[in-house]
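Everything below concerns the one structure shown next.
The values are calculated or read from the model by the stated rules, or taken from the named source; none is laboratory data. Because the structure is predicted, anything quoted here is derived from the model rather than measured. Methodologically, a virtual Cβ is constructed for each residue, glycine included, from the backbone with ideal geometry; neighbour enumeration extends over all protein chains shown. Ligands, DNA and RNA are stripped out before the accessible areas are found, and what is left, the full protein with its side chains, is counted by its heavy atoms. Shrake-Rupley method; radii C 1.70, N 1.55, O 1.52, S 1.80 Å.
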There are 2 protein chains.
Amino acid sequence: MTTQEERPLLEHVEQPDGVPERLAAQIRFIVEIDKLKTVLRRSPLVADDRLENDAEHSWHLAMMVPILAEYADDPIDVGHTVELVLLHDLVEVYAGDTFLYDDEARQDQEAREQAAADRLFALLPDDQAVRFRALWDEFEARQTPEARFAKAMDRLQPLLLNFNNRGGTWRTPGVTEADVLRRKAVIGEASAELGAYARTLIHLGADRGWVPRAGAEPDAG
Amino acid sequence: MTTQEERPLLEHVEQPDGVPERLAAQIRFIVEIDKLKTVLRRSPLVADDRLENDAEHSWHLAMMVPILAEYADDPIDVGHTVELVLLHDLVEVYAGDTFLYDDEARQDQEAREQAAADRLFALLPDDQAVRFRALWDEFEARQTPEARFAKAMDRLQPLLLNFNNRGGTWRTPGVTEADVLRRKAVIGEASAELGAYARTLIHLGADRGWVPRAGAEPDAG
């Protein structure tokens, strides 16, 4: 994969003479976030034999929100929740994707992502930078019903990919059914019904041997 | 590329026993639209040496809407416009992408896409099928300010990719600056300022030889 260092887009993005500075800044940001399409996740697609990238993952979550909003335990503003999921991974254009089951990488994840947010959102005009940063902070803090539901979608979607791929990232060495259940518990914090559905899929996956039951040796796969 | 015929996802998608039919239908639809990630467009990414797919294209438009909404000549509801762009290409999971400069394929495009819409949205529970179909019909009819702005984003985004790729699909044999200006005129129908910006980029691209000036021979490249 081409690294971001080899493709310093911002230095290449050119504006014709006479474009107002505000529009030029907005266009630079829009071109810069093209990079999100190159940030690969660990989950394989269902529809093809390759890994998913952050941009198509974010689109998928945004489609799920209006379809599944009726299961939110606290009422949510659908449009606001869609905005949260659309930009929830944006800082990964600089910070990269952090795998859910990589405990080491997760330790400095917050610091890396905060630094990336500082850098990325500063490309926008000030008013829009403040607004996008507030949305991303809201997603991360998970204190509003919308942020909780957005996070639930972020955990449910790869679960759907994994289940329909006969395991997917559940087959990561050392990961057990108990790990998956623990990491997916946030789904139930936003929706009891979707939380129950998620647990059912995980149990069925374990029944079929796609993820070992709790108690398996680490690194036993 | 693996064809959709080789991957009849719907037949593979399994639901555990006891899942309510409404939720099962919603999840089947969500898994089925994973296919949008495999529908390739003609535009190359800026951030990598590959073609863009419909899902990441749709995400990019959804990010552009709140950033550029201030340039809409008629006021738009941002959340509604975001919904339109998120699903505007969804029927392509069955109908495939139709290239903007392929006049032959564009002749039966509407019939192919209507049939695909009938098939795809029927997967959803009735109330959601009706709602999604209405949104897609609204986008296609381009009669509301939101639909016009959504369409403008759909034409502006590949223009940004092409310009930052020193031509991209502008280099298609037979395509001239006049063709690009004509196809991109819908941007100006939603926003005079963004329309002017688009024309500036196209003229600058022609100045640099990335697309031939009007009058070049067809198929002359």
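Figures for the structure shown
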read-out: Proximal aspartates and glutamates to B:K37, defined as alpha-carbon separation beneath 14 angstrom and excluding residues fewer than eight positions away on the same chain; value: A:D48, A:D49, A:E52, A:D54, A:E56, B:E52, B:D54, B:E56, B:D89, B:E92, B:D97
read-out: Computed [θ] at 222 nm, deg cm²/dmol, chain B (DSSP H ≥ 4; -39,500 (n - 2.57); rounded to nearest 500); value: -17500 deg cm²/dmol
read-out: Per-copy distances of the B:V19 label point, shortest first, in nm (7 angstrom along Cα→Cβ); value: 4.5
read-out: Mean projected area (nm²) of the alpha-carbon convex hull when the protein assembly as shown is viewed from all directions; value: 21.1 nm²
read-out: Most to least packed among A:137-146, A:44-53 [average Cβ atoms within 10 Å]; value: A:44-53, A:137-146
read-out: Dipole moment magnitude, nearest 20 debye, the protein assembly as shown about Cα centre, only Lys, Arg, Asp, Glu C-beta charged; value: 440 debye
read-out: Nearest residue to the symmetry axis between A and B, taken on chain A by its Cβ, in whole Å; value: A:G79, 1
read-out: Across the identical copies, how the A:Y101 labels are spaced - nm, sorted shortest first, 7 Å along Cα→Cβ; value: 4.6
read-out: Protein-only accessible surface order, largest first, of B:T172, A:T200 at 1.4 Å; value: A:T200, B:T172
read-out: Per residue, in Å², the accessible surface of the protein assembly as shown once ligands and nucleic acids are set aside, probe 1.4 Å; value: 40 Å²
read-out: Nearest-10 value in Å² for the accessible area of B:S43, using the 1.4 Å probe; value: 10 Å²
read-out: Listed pairs A:K35/B:K184; B:K151/B:K184; A:K151/A:K184; A:K35/B:K35 exceeding 18 Å between Cα atoms; value: A:K35/B:K184; A:K35/B:K35
read-out: Mean projected area in nm² (Cα convex hull; one quarter of hull surface) for region A:17-207; value: 11.7 nm²
read-out: For A:G205, net neighbour charge (Lys/Arg +1, Asp/Glu -1) across residues whose Cβ lies under 14 Å away; value: +3
read-out: Of all accessible heavy-atom area on region A:17-207, the percent that carbon and sulfur account for (1.4 Å); value: 47 percent
read-out: Heavy atoms of B:Y94 accessible to a 1.4 Å probe, total area in Å² rounded to 10; value: 40 Å²
read-out: Reduction of at least 40 Å² in accessible surface, 1.4 Å probe, comparing all protein chains with the chain by itself, residues of region A:76-107; value: A:L86
read-out: Cut-off 13 Å between beta-carbons: net charge of the residues surrounding B:E70, Lys and Arg +1, Asp and Glu -1; value: -2
read-out: Area hidden from solvent between A and B (accessible, protein heavy atoms only, 1.4 Å, total, Å²); value: 5400 Å²
read-out: Computed accessible area, A:V186, all protein chains, 1.4 angstrom probe, square angstrom; value: 20 Å²
